[in-house]
Every structure is written in C-alpha cells, then in structure tokens.
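Reading through the structure tokens given below for one structure.
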Amino acid sequence: MLQLNFKLEHPKNLKNIYITGSPTELGGWDLQKAIQLQTSQKEINNGNLISKTSINLKQIPRNTCIEYSFFSKKNQEISFENEKNRKIKLIAFSTGNKFFNDYWGKIGKQFQSKIIIRFKTSYKTYFGQKLFLTGNCKELGMNNLNKAIEMNFINHELENWQVDVGFNFISKEKDIKFAFFIRDQNYKIITESSSRVLPIQSSVKRGFIQVSASFNGNSLPQDYIYNTSPFIKVFPKKFQMNSFVVSKIPLWESQNKKIPVHFQIIYSDELENYEIKLTGNSSSLGNFNLEKSIPLSNQNFPIWETIVWMDKEEFPIQYQYFLNPINSQNENQIENQIEKKNIIKDRIHNFQISKYYDQEFIQDPQAIFIDSGKFNLENKQNPNIKKVAGVSIPLFSLRSKKGLGVGEFTDIPILAKWAKSANFKFIQFLPVNDTRMTGTEKDANPFLISSSFALHPVYINLDQLNPPQNIMKIVEQKKMQFNKMIPNEKSKKSKKSIFKYSRFNYSEIISFKMEILKQIYQLRKEDILKNDKIHNFLAQNSFWLPAYAVYCTLSDKNSTFDFTQWKQYSKISNQEINYLLSPKSEIYEDAFFYVWLQFILDQQFSQAVKTTNSLGISLVGELPLSVNPKSADTWFYSDLFHQNHSLGLCPDYFDIRGQKWNLPVFNWKEIEKNNFEYLKRKIENLGKYFQAIRIDNISSWFRIWEVPNEFTQGIMGHFEPSIPIHKNELSSIGINDFKRLCEPYLPLHVIVSYLGKENAENMIPIYFEKDQENPELYKFKPDFDTQMKISMKMEDGELKEGLLGLLTEVCLIGKSNYENFFPRFNFHKTMSFQELDGNIQFNILKLFNQYFNERNENIWIQSGQTKLSLFTQTTEMLIIAENFSNSDSDSNSDSTFIDMVLQQMKIPQLKMERIPKEKIKSPFNNIKSFEFNSIISTSTHETENIREWWEIMENKDFYWKNILHRKKNPSYFAEVDICQQIVNQHLNSNSVICFIPIQDLFSLSPNLRIQNPKDERIFSFALNDDSQWKYQIQIPIEDLILNEKEFTNKISKMIEISGRN
C-alpha cells in the first residue's frame, strides 16, 4: 500500500478546496467523490494558508502515471486551479509514504520532502494485527500512538514491514527517536520496551536513509527494567567500559563515497573481562576472520555500537556479534546457531540494501542504520536476575543538625551515605513541588501542588547562599528554635540523640525562609538581574518558568493565590506573560526573584542528585495526578483542565465511599491536540532529578474518576472516558421512570435507617419536604439538595454523614436532562436498588455490569496505552505503577485489563501483602507468588506502618499461624522479632525492588521505635487536622550514621542475605 500526502499552499481567500484525479481513491474525476482538504487557519510567512489531505493507494501497477488537480467550491460554483493536470509517475515497488508540496495554480512547482528514511522491521502478525511506527518528531507523530504511521506488509515469507517517511530537515540538536508497536482490531497494543535513537548528522538537501531494526515487543520484563536509568547509569558496573566515541551517522551529498553503516546490538548483562565485537562475510567486516573483527563501543550502555564504512558492492552481507575476552585466553563465543548451537542462541544476521524510487528518481541509501536487537547466549537462558532494595521517606521527614527544622535538598547526600552503608540502592520521596497556596498548614500536603514544574522553597538550604553575617545570625537563632527536640528516656540513658515524637511547623518555616530569601535577593538584586546563568536557566525553562514567576508575583500583589479573585490578569496570554517578565514591566524585579529562587533550588537539588548517584543510589520521585485548582498550571494552561468536575477515586480498599480530591480534571482531548506536550514536559522535568518515578493511581491514566462539584463523596462520580447508558437502552428493558433511579429514594424507613428514628423525626421538617408526585416519598429541600450545600451548612458528625449518605441513594447519575446516564458505583448495595421489582433488578444488573466490565474496556485500554507509551518512549526513568484501585472484590468494575496492559508494557506494579486483589479468596496477598516484574513495599505513606497495622489487623490469627507460621497466640503489639520477620519475608520475595519505609526500619530497633506507632503515620484518610504530612524522624541523619551502626549493620545483613545487594 502507498500513502500519498498532499500539501497545498494557496491564497487565504480560497476556502473549500478539493482534490480530484484519475485513481478511484481520488474519485476518478467524479467531482461528487472528490476529497476536501483540511485547511489550517494559521497563516504562513507570505500570508497564504496551507491545506492537507492523504489517500491510500492499495493496488499500484508498475510504471503508473496518475493525474490530479485541485479546485475550490463556493456556493456550488467550482473553480479549477489550472487547465493542466498535475502528474505523478510511480515506478516499481512504490510503497510507503510519498509527500507532495504544491502551489495553487503553479504546475511544475511540485517538490518532495528533502530526506526520506525507510523504516523496516520483521514480525509475524496474526489476523487483525497491524504494525505502526511512532517517534519523537512531528513526522512520526510526536510519540502519540493515535498519530502513528501505519506500516506496509511487503514480504509474506520474511514477515517484513516497511514504510518511507519524509523529513524536510533533520535537527542537529535533537536526535530522532522511534519505536514500533502492534495494534489489533480491538485496539490492544504490543509496544516495545523502549525507543531507539537514530543519530543522524545531515548536511544534505535531499537524501535517503535505510533503517532496519528488530522489533522487541515480546521482550522479557528485565529487558525494560534493566535498561532504565538506575540500572544503566547509576548502579556500579562490574565490567570494563569500552567507551570510545561513536559519532553520529554522516549523511553526505555525493553518492560516490562509501556508505556509513551504523551497527548496534543490546546486551545489558554485565560482562566481566569481555567486550563485544563484530565480524561478517565482507572485506569491511573482516571476512569472518576474528583477528580482523571490529570492536564495539558501549558508550551508550546497554547499547554496543560502531560505524563501518562499506562499498555498496559488498551487499548483501552476513554478520555476527561475538564476545571477545580481554586479557584472557578463553575461547571466543561466536553467535552461530549452526556450528555452536550448544553455546550460542542467536543467528547469523542478514542485510540487503534497497533503492528508493520516486517519480524519475532512483537512489541508493546514503546511510544505513542496523539495530540487531538483543545479544543472547544460550547459556544465559535464565537471565542474571538482579534484585535490589530501597528506603522510602518524604524529604520533609528528614532531620539534620544543619537544617532549619525540615528536610532540605542538601540532606539527601547524607541520607544516601547512610542508605549505601545499609545496602539500599533506592531512596523514594514524595513530590517536592511547590505547594504554597493558603499560607497555612494545609500547604504541607505534597500532592496539592501549585506548579507541576517548580520546586518547593521549603527545601532550600540558606547556608549555601552565604548570607551576610547579620542575616546568618538570625538564621542560626531560628535553627535553635525549629530544631529544638526533647530527648526521650532511652536517649537520656544511652546518651544518643533520639528524640520524642514531633511534627514540624510548616507555615512558620516556609514563612521565615521566604522572608530571608527576599532579603538576600534585595541585597544582591543588581548582580542577579545581570547574571547570564540565571537568564539561560530562564530560557531553558521557558515552557513554565515565566508564567510561574509572574503567577507568584501577582499572587503576592493580590495577597492570594486564587487568581479568580484578582482584579487584573485573572486570565492571561503568553504575550502578557512575556511583557510582565521584561525590564519594561513594573513587576519585573519582583518576578525575577522567583526566577532566581528556582535557579538556586535547581542548583542545590541537581548537586544533591549528582552526589547521591555517585554513591550508587537512585532517587525515586512521584508524579501527582493533578494540581491545585488555583495553581499556576490551571491559571496559565486553563484550557487543559475541566474545572466543573473534580478528580477522585471510586470506592476501594482505602475508602468505601470513594474519594473526591478537589483537584481539577485534565482535558485530555485538548492536551492531545498539542501532542501531549504538557505531559511530556512534566516527564522531562522529573527526569532532571529522578531516575525512577512512581505514578500515583495508575488506573486514572486509563479512566479518570470524575466527580461533579456538587458532590463531596467520590461514590457519586463516574468514569471518563466512557460511553454512557442512553435512555433508549433503559426503555428497552422496561425502565421509563428515570426519576425513580436518578433522584434519592427517600421513603420514611430509608431516612430512619440513615439517621435513626428520633433524629429523623427532628430533622425531616428542617431538611425534607414531601414529594408532590409521590406522597409516600420525601425529597430534600432546595437549600439542602446537594452534598456541597449540606457540607457548607453543617459541621462534621454522624448526622451530616447520614444526610450525605441519603443523597447517594440512587442507581443512576443523570446526564444531559435524562438523556444519558452513568451507573452509580456499588448501586446494588443501595436500598433504592434493593426495593425495585426483581425483574427490573435482574435487567439493571445485566446492563450495568456490561457497562463496567465490557462496554468501555477497549476505550480505556487505548486511553491508557497512549499515555503510558509517552513515559516508556520519552524517558529512561524506571516507571512504577501504583494500582491499588478496586482491590475489594465486591466492587462492580473489573480492572484486570489494567494489569494486562501493564504486563504487556513491562511496567512493574507496586504490590502490598495487606491489599489483595481478590479479598474474598484471602485476606492477604501471597508475597511468595509475586512475579519478578513487580515492586513490593511493607507499607506506604497512606497506609499504617507495620506496627500500627499489626495492632488493628482483622485476621491476625490467620496471619500469625499461616504466614508467620507461629504457634500459641499472637501478641497485641508488634515486637521487634515480629517486625523483623515481616520485613525479611518482603526482602525475600521475587519482586525486583523491595521498598521499606523508614518507620518500618525503625521498628527493627528497640532504641529507634517510638512508643505510639500512630505518631509515625504520614497521612490518614480518617484524619483532617494539621498533623497530616508533617511526620519527622526522631533522630538527625548525622547521628543515624555515627551512633546507630549496629542498627545499620543489621539492615545491611538482612538485605545481603536476601540477595538484594
């Protein structure tokens, strides 16, 4: 199949433009079947407009000439551009993509794209499957799977797929990255574990590049995990780096020169005393003479690569990679399936150059890129499995003797030093983004971010700014105040710096730091405003930093971050941002303070990351799902959010009523219009500091749980995207009384069941009135007919919860004036459903279960795969998916498709022993059954730590006897030996990474565990007070290193014995 892509430049007064021509795909000159071009309203330099369209030619005879012409239509009046027709001559083997740029009325002004890249791969597909090509540039769809290029099946015997892509130019600054994927008729996708880099150095106006790459969609989980940043860039290597520089592939003007051929293969196992070499059957490849073989560089480990200059007469070629011992007499292990089948797994590779045919033009490739996939040895059938351990702690929870009452970026290397001595390879943090909004303790929540990009000033270290002596004196006094801790009894006896439980004072600390920072800025403002490094930083972060700086400044001027309350600039354009951050603006100097502040934060964090990585420790960050509704993001990128709904979570393990987070919902349709640029920038920004990221609530990347603003409980939300139930579907099963199912079902006995008899008698006159259409029912008075109205008028308590619950007594959530509906989650538990006729119950159950489990599954799969592919294809960070949603088996919705997609994409899921997917089968997960491609954790920031969990455990006897295999009766408290056994079982699981929160580590030490484990809780859904998100460890990090060596050695030994070192 051949795709023809037409682009026409024309005067802007021409509106409706069509193309017609000789092929049936262009209408066969029948003007009624002509194809209308899509016109961009963006004018180009000369004031003209551009219109585009594409057609697929399925049957193309060789040496065919097709004709076509453009015409415009206005009020049924047709005007052709020219009396002559345009012509395209198609020579043999016309497949792939052809690009034509035409000018209205100017025949002969046609030109092709400058550089053609032919992408080719081999894969055996099944009925309904198609192969696609995607990449990081606009020609390849900007990594948007919905804009990927469909490839052409060209050889049944070899299962070859191929497509030609035209590039107007190839950037010197940005390499082309590409990947293949397979999509079937149900939109299920098989993706590759990572994208490839095509390093081209082009100096030509026109050229042809041939690319041959192995499809690695059926790779093992470790092929993804071990090729991410922690494993290839941070963890210490045991092998010798053979990293001579391999330059980019040069693309020359002349065809008389030899062809540069870039060979590469992937080998991620650590090779001690070995290097990889290349040989082949041509003179340039050494004619299979091992003494003339070519060494490969691992400068981009795990890729081994080289460039060989070859004559085109040498093709076709056969070639092999082999292991060559360095300073050793061991035999070479050569890839040869026939001769050494017992040693080598891979085959001899074959390659043939192909020509490019275009109208009268025929060309050999001027450069070749060959990616041979993975190098596999047969004696490596069971890969070298590496398992590691990590410690979890919020950055704000750290204490240091030099800090200012809260963890700071400069504390990270100190923590990393301790982590290394304890045999950890990861440190996991919560988000470190700016959250300043209200100026109160509520801003301590690291998930209520005011910017997806800005770092939080609370983590800055003032000492490193070398403030003047008078300011430093004030800082030292505040250190004594903020760092004041009361020694506990154990500390007094042992003379160790272990302190009683305390929480840091967020609002005081951030207020003081901002005050000092502004004083320092005023003293050094003249030099700061002229600092080239800061201006370069601003330019490098132009996507977000100018808007953020102006947003913060206007918030200061208006004394509120709520931009809807501002008198001016509540809505703003990019031009206004640029003006306000220019020297002409009155607020320029104030706004530049925030530019300087982010520059300093970036310097301190980047240096901390560099030092930490040099110790062999990787940092794990977190990607929050949304932002504060009054954030810099929602102000500047307002079209990317829906403000009339809130993000939430359907009922699950953590909350049977669901959750409403009061966070804006992404407008994914608008985000996709710009090829997900906003999301890509967020990923890129995280990648500056972190080597792995945990994606919070992964299910929301497939389907968002959207809660209308009028409700306060997440149970009244619905999934988006989804196909709602239409009223005709309900009518077809005998349901026409939509009001009965959509409005709260409130007979007297239902009200009594929620409020109690006495309370119901007192509250009915205040909150309810009789339903005029059905006197046996009540309805809420207008002042109380939404959860939001009740929440604003009543204090928390049982009566309020009862009223809120009555408003959820519905089976359907109506939409568009009773035209479309969404089933209420767990509708079958409502009295509204239970008091329906049995036949109606049966029909509703069947329809609603189909909605949750079948109706929308393909939509959700496509939605999740499209977004997650942006992570795997655009970053080297290890992606970790948190997927605890719908862990209660009593829920309506089946989320197994999420597991299927994550497994196929090789993205490891975070799992916990206490949160089983199917609670009805067992109250606990069997951690021995956890697969390698998973992450295990003893607890998280939103669950109880081990000690608190043990005290409230519902099935303690079962756990005691069947999991810990202990006799007698379980103790009420989780003593050290119990905690140690639980941690050990987690460390000995099959999961590739085991995370242990710092509180669970402290539970292993009689000295470090505090009396009440509840005081170590970071966040609880049951609490709503100022203690949330303020937990701090009870010992300075410096003392943890110096004075707790026995504790550290104990952990180190446990990790070593588990094989995670």
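The values are calculated or read from the model by the stated rules, or taken from the named source; none is laboratory data. Computed from a prediction, not measured in an experiment: that's the story for all the values here. Note that we place each Cβ from the backbone using ideal geometry, even for glycine, and neighbour counts take in every protein chain shown. Accessible surface is based on the protein model in full, side chains and every heavy atom, while ligands, DNA and RNA are left aside. Shrake-Rupley method; radii C 1.70, N 1.55, O 1.52, S 1.80 Å.
Descriptive notes on the structure:
- Separation between Cα centres of segment 113-158 and segment 786-804, rounded to whole Å: 56
- Three-way shape call for segment 647-760 based on the alpha-carbon gyration tensor, with the a/c threshold at 1.5: oblate
- Globularity ratio of segment 629-673, using Cα Rg and 2.2 N^0.38 Å: 1.34
- Between segment 673-702 and segment 515-541, the alpha-carbon centres lie 29 Å apart.
- Taking only the C-alpha atoms of segment 962-1061, the Rg (one decimal) and the largest Cα-Cα distance, Dmax (whole number), read 15.3, 42 Å.
- Principal axis dimensions, largest first and in whole angstrom, of segment 972-1024 by Cα: 37, 25, 20
- The 3J(HN,Hα) values that the Karplus relation (6.51, -1.76, 1.60; θ = phi - 60°) gives for segment 452-465 are, in residue order, 6, 10, 6, 7, 7, x, 5, 8, 6, 9, 5, 4, 5, 7 Hz. Gly and Pro appear as x.
- In nm, spacing of pseudo-spin labels at ASN962 and GLN568 (7 Å Cα→C-beta vector): 6.9
- FRET efficiency for ASN984 and GLN481, using Cβ-Cβ distance with R0 set to 60 Å, rounded to 0.05: 0.90
- Modelled spin labels at GLU586 and MET794, positioned 7 Å past Cα toward Cβ, are 4.8 nm from each other.
- Dimensionless Rg ratio for segment 583-666, taking C-alpha atoms and the 2.2 N^0.38 Å reference: 1.60
- Above 13 Å, the calculated P(r) of segment 727-766 contains 61 percent of its Cα-Cα pairs.
- Note on the chain: Cα convex hull, mean projected area over all directions, 51.9 nm².
- For segment 513-663, the square roots a ≥ b ≥ c of the C-alpha gyration tensor eigenvalues yield an a/c of 1.5 or more together with a/b not exceeding b/c, which makes the shape oblate.
- Note, ³J(HN,Hα) from phi for segment 130-144, Karplus 6.51, -1.76, 1.60, rounded to Hz, x at Gly and Pro: 9, 9, 10, 10, 9, x, 8, 10, 5, 5, 10, x, 6, 6, 8
- Estimated at 0.36 nm per residue, the fully extended path between LYS106 and GLU951 surpasses their Cα-Cα distance by 295.9 nm.
- Distant-in-sequence amide H partners of GLU882 (H built 1.01 Å from N, under 5 Å): ILE695, ASN697, ILE698, LEU910
- log10 of Debye I(q)/I(0), alpha-carbon scatterers only, for segment 124-177 at 0.13, 0.31 Å⁻¹: -0.40, -1.23
- Segment 733-843 - convex hull of the alpha-carbon atoms, volume per residue in Å³: 118
- Amide hydrogen neighbours beyond the local backbone of LYS374, cut-off 5 Å, H modeled: ILE266
- Cα gyration tensor, segment 779-855 - rounded (a/c under 1.5), prolate or oblate: prolate
- Accessible area of the chain belonging to carbon and sulfur atoms, whole % at 1.4 Å probe: 48
- On a per residue basis, the chain carries 44 Å² of accessible surface, using protein heavy atoms and a 1.4 Å probe.
- Descending Cα extents along the principal axes, segment 385-431, whole Å: 42, 22, 11
- Loop chymotrypsin sites (Phe, Trp or Tyr not before Pro), segment 936-974 (other Cβ atoms within 10 Å of the site Cβ: 12 or fewer; DSSP): TYR972, PHE973
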